[in-house]
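**Q** Before I ask anything, here is the structure I am working with.
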Amino acid sequence: MKKPARRSTPATHLPVAAVQAARSERLLGDKVYEDLMQLLGTPGFEPRARLPGETALSQRLGVSRPVLRQALARLRDEGRVYARKGSGTFVTDALPQAQPMSLSTLENIADIRAFLEFRCFMEGEAAARAALARSSDQMHEIRRCRERFEQALADGSDAVAEDIAFHDAVAQACGNRFFAMTMNALAPQTRFSIGLSRSLSGRPQGQRRSGVCDEHAAVELAIDERDAQAARDAMEAHLRGGIARLFGQ
Ligand SMILES: [Zn+2]
């Protein structure tokens, strides 16, 4: 009978309400942060521009000043704006873009899933294009990378580098260098997610590995036969297989 007793005690309402308020304030803070990110770089919010005062900005964004301050603090932490004592908040000279083609690290399980789904779209398309555009040299390279991957697995290696090299060879063959560039920029995340998939997968290793080898072989065959749809399907099936291996679906 704990619940009714709790419900009848006003004092216990407070923490729940406080937690809910804190949570909705945080969600609101995230939203304001996104809104401010959209504004940065637009007229009035160019590099070195002074942001409107807290009152004006909070009115413009339709939030309280504490919520606005929270979002501004995050932008400050990220180096996107800075405060100058007595004169307000300014947009950083050059917005941080040290690695324009790179993602930040994968931070949580939702990120990892989103990343794998992104690979699915991108590499499915790359494989389809490779089927149409690949030269015989590129086909040879795809085959060589697939064989090296299988050999590495047979030798007991985790074969992560060889796996990435196979996917890279497909991207290289697709006739649009931006696929390969994007793959290259995402290599750290790819390495991380493959490693995680290998270590967390519940399936027996041998079974999983032969599955991956078959999937790679299907991609290679479709590209060899210049069958774009089959190549796309095979690559997507391979990467969806990775998601299933990781998330158990
Ligand atoms: Zn693979």
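**Q** Residue 30 to residue 64: extension gain in nm, 0.36 nm per residue of separation minus the Cα-Cα distance? Working shown, then result.
**A** Values: separation 34, 0.36 × 34 = 12.24 nm, distance 1.34 nm.
Extra length available between residue 30 and residue 64 comes to 10.9 nm.
**Q** So if R0 is 41 Å, what FRET efficiency would residue 48 and residue 147 give, r being the distance between their Cβ atoms, rounded to the nearest 0.05?
**A** Working: r = 55 Å, r/R0 = 1.34.
Efficiency computed from Cβ-Cβ geometry: 0.15.
**Q** Same structure again: Based on the alpha carbon coordinates of the stretch 109-247, what radius of gyration and maximum Cα-Cα distance (Dmax) apply, in Å?
**A** Rg then Dmax for the stretch 109-247, in Å: 13.7, 39.
Here, each number is a calculation from the coordinates, and none is a lab measurement. Everything numeric here is computed off the predicted structure, so don't read it as measured data. Positions of Cβ are backbone-derived with ideal geometry, glycine not excepted, and every protein chain shown enters the neighbour counts.
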